[in-house]
Amino acid sequence: MADATTTDATTTPNTGNRTTDTPLLSVQHLRKSYGDHEVLTDVSFDVPQGKVVVLLGPSGSGKSTLIRCLNGLETIQSGSIVFDGTNIGQASEKQWRSLRSTIGMVFQSYDLFPNLTVADNIRLGPVKVQKRAKDEVEQQMDTLLKDVQLSDYKNAYPRELSGGQKQRIAIVRALAMNPKLMLFDEVTASLDPEMVREVLELMLRLAKRHMTMIVVTHELEFAKRVADTVLFLENGVILERGSAKDFFTNPKTDRARRFLDSMSPVSAE
Amino acid sequence: MVHSVLPEAMSLASTAQAGFTVIFTGDNFTRLLVGLWTSISIAGLALIIGIPLGVILGALRTLPNPVLRVVLRIYLECFRILPTLVVLFLAYYILPAEFNVQVSGPTVAVVAFGLWVSAEISDIVRGALVSVSDHQVDAGKALGMSGLQLLRYVRLPQSINLMIPATINLATRVIKTTSLLLLISVIDVVTVGQQIMESNRMSHPDAAFWVYGFIFLLYFIVCWPLSKLAQMLEHRAKERNNG
């Protein structure tokens, strides 16, 4: 875990007590465009340590692009991303590489490596990228697998798992890197309905353990339960932000209200 | 009909006898096998040199650097456009004369074939590597992998199934193309065959059919299993992708 970009809060008294006051991640005036098409316009928000920020919004609002900007899978045109005290907005690919060890990401399509067993999928990052001791990684893997009740699948290949199992393994794979921040990009969107619950429950458990998380989702009930802060995006602009309670019970903008209505369960009239 | 077929069949049988005699007289059979070994070892060495080089070139061709891409593309196209025979002649006759170096035929052949193999392999490898989905590559990146680690742990293992059948097919093409070595005075199996025909011109004027037939059989014995293997692997790769 030699990470040059990490600054220890105790050795930097000027910034005060970072763990409570300074957000782990602070995005300011982020702009992202593909050619002439601007997909994110002046996006600013903070993610405090140990909190969960949920990004909501209609398809194409830029949620996924935003979350991909936060671990360097997309480059940004301007703005700053301050992560753990360092501005990484214009980080080089090489800098991103070491940052990604501390920013875990889980994708919609699981993206486990199909040629590797569950255990090898989980080992790959910690052992080959982070160069950690095998014994220690092995222990951590056993603990994590036990936690998601998939210990029996250690030697299974991804194709032998259900969608929900795959996604839980993908989460474990990211957690095994000991990330400071976890990004979830519509992780239940391609799951069968009966598989969604097991994945969301795991994420709720992580939130309870004070994992700092940014979650893109369409599961409103889940968002309500897990979010400390909700950001509502449309056309690359944050239209509304607030606590989950405020957003769901009393949205300020018409657009958010209409969005919530359109997502609410169908009522027979 | 019977009347006309019978004598012909009889004469075929007698020439078959003659062909048999030609091939198995003295050390002719051994010489043919030695010639075949020359062909196979030149093809083998060319593959041993060309495949690793081609893998490196193919991997380089997946990088975003435009200059590198164009240069390597031209390298490939040169070997595609030029007949292999021309490449061999260039290497054997023109280069030594121009640069005043003496190189043996087999060495020229190994180098020329090796470069050709590397060009073809680079295309096989590039095509297979880019077929790995962006999602998989993103997943690797998200784990903090470097470009080389992505290649080693994500791209290569997931595309090697696509590369192997094409590579085996290329190997059979290289083995078959060694028949051109005759033209740069390498004593390959075809050269030996011609020598045998020459020395039997008077006693067995129709030896050519049998000698070439036998050479055909030798090439077939070498290439057919390879071709079958490639087919089998291709089939398996397809099944895996569906599964």
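The solvent-accessible area of A:His29, taken with every protein chain present and a 1.4 Å probe, is close to 100 Å². Taking amide H as placed 1.01 Å from N in the peptide plane, A:Met213 has its amide H under 5 Å from the amide H of A:Lys51, A:Val52, A:Val53, A:Met182, each at least 5 places away in sequence or on another chain. Taking B:Glu234, A:Glu160 and ordering them by how much accessible surface each has at a 1.4 Å probe, largest first, produces A:Glu160, B:Glu234.
Label separation (A:Ser264 vs A:Arg205): 3.4 nm, computed from points 7 Å beyond Cα along the C-beta direction. In whole percent, how big is the carbon plus sulfur part of the accessible area of the protein assembly as shown, probe 1.4 Å, protein atoms only? Accessible surface attributable to carbon and sulfur in the protein assembly as shown totals 59 percent. Rounded to the nearest 20 debye, the dipole magnitude of region A:61-172 is 220 debye, with +1 charges on Lys and Arg beta carbons, -1 on Asp and Glu beta carbons, and the Cα centre as origin.
Heavy-atom accessible area for A:Lys128, with the other protein chains in place and a 1.4 Å probe, reaches approximately 80 Å². The angle between the Cα long axis of helix B:105-130 and the longest principal axis of the Cα atoms of chain B comes to about 40 degrees, rounded to the nearest 10. Cα-based values for region A:44-137, radius of gyration first and Dmax second, are 15.5, 45 Å. Using the Karplus relation 6.51 cos²θ - 1.76 cosθ + 1.60 with θ = phi - 60°, the per-residue 3J(HN,Hα) values for region B:142-152 come to 4, 8, x, 6, 7, x, 5, 5, 4, 5, 6 Hz, with x marking Gly and Pro.
Roughly how big is region B:124-243's charge dipole about its Cα centre, with Cβ charges of +1 (Lys, Arg) and -1 (Asp, Glu), in debye to the nearest 20? Computed charge dipole of region B:124-243: roughly 380 debye. Accessible area per residue (1.4 Å probe, heavy atoms of protein chains only) ranks B:Trp37, A:Trp96, B:Trp210 as B:Trp37, B:Trp210, A:Trp96, with the largest value leading.
Karplus-derived 3J(HN,Hα) values for region A:166-179, using 6.51 cos²θ - 1.76 cosθ + 1.60 with θ = phi - 60°, are 4, 5, 5, 5, 4, 5, 4, 4, 6, 5, 5, 7, 6, x Hz; glycine and proline are entered as x. Think of region A:152-269 as having a plus end and a minus end, set by charges on the Cβ of Lys, Arg, Asp and Glu; of A:Leu183, A:Pro158, A:Ala223, A:Leu183 sits farthest toward the positive end of this dipole. Label-to-label distance, B:Glu98 versus B:Ser179, with points set 7 angstrom from Cα along the beta-carbon direction: 3.0 nm. A simple count of charges around B:Ala119, restricted to other residues whose Cβ falls under 9 Å of its Cβ and scoring Lys, Arg +1 and Asp, Glu -1, yields -2.
Compute the whole-percent fraction of alpha carbon pairs in region B:22-242 spaced more than 30 Å apart. Distances greater than 30 Å cover 37 percent of the Cα pairs. Give me the distance between the Cα centres of region A:34-75 and region B:188-208, rounded to whole Å. Result: 77 Å between the Cα centres. Contact-buried residues of region A:67-92, at a threshold of 40 Å² lost accessible area versus the chain by itself: A:Leu73 (1.4 Å probe; DNA, RNA and ligands ignored). In order along region A:211-225, the phi-based Karplus estimate (6.51 cos²θ - 1.76 cosθ + 1.60, θ = phi - 60°) of 3J(HN,Hα) comes to 6, 6, 9, 10, 10, 9, 8, 10, 8, 5, 4, 5, 4, 4, 7 Hz; Gly and Pro are listed as x. Between the amide H of A:Ile88 and those of A:Ile81, A:Val82, A:Phe83, distances stay under 5 Å, these residues lying 5 or more places away or on another chain, with hydrogens modeled in the peptide plane. A Förster radius of 22 Å, combined with the Cβ-Cβ distance separating B:Leu12 from B:Gln195, puts the computed FRET efficiency at roughly 0.30. Multiplying the residue separation of B:Leu85 and B:Glu239 by 0.36 nm and subtracting their alpha-carbon distance yields 51.6 nm. Taking every protein chain into account, the 1.4 Å probe leaves A:Met211 with about 40 Å² of accessible area, to the nearest ten. Computed over neighbours whose Cβ is under 13 Å from that of B:Trp37, the net charge equals 0, Lys and Arg +1, Asp and Glu -1. When the charge dipole of region B:165-237 is built from unit charges on Cβ atoms (+1 for Lys and Arg, -1 for Asp and Glu) and taken about the Cα centre, the candidate among B:Val192, B:Leu233, B:Thr178 whose Cα reaches farthest toward its positive end is B:Leu233. Using every pair of distinct Cα positions in the protein assembly as shown, the Kirkwood expression returns a hydrodynamic radius of 27.9 angstrom. Accessible surface area normalised per residue over chain B is 55 Å², counting heavy atoms of protein chains with a 1.4 Å rolling probe. Note on A:171-180: average number of Cβ atoms from other chains within 10 Å of each residue's Cβ is 1. First select every other residue whose beta carbon is under 12 angstrom from the beta carbon of A:Lys245; then total the charges, Lys and Arg +1, Asp and Glu -1. Net charge in that neighbourhood comes out at 0. Applying 1/(1 + (r/R0)^6) with r as the Cβ-Cβ distance of B:Leu68 and B:Arg152 and R0 = 22 angstrom yields a FRET efficiency of 0.65.
The values are calculated or read from the model by the stated rules, or taken from the named source; none is laboratory data. Since we're looking at a predicted model, the values are computed, not measured. Reconstructed Cβ throughout: ideal geometry from the backbone, glycine too, with neighbour counts over all protein chains shown. Please note that ligands, DNA and RNA were not included when accessible areas were found on the heavy atoms of the full protein model with its side chains. Shrake-Rupley method; radii C 1.70, N 1.55, O 1.52, S 1.80 Å.
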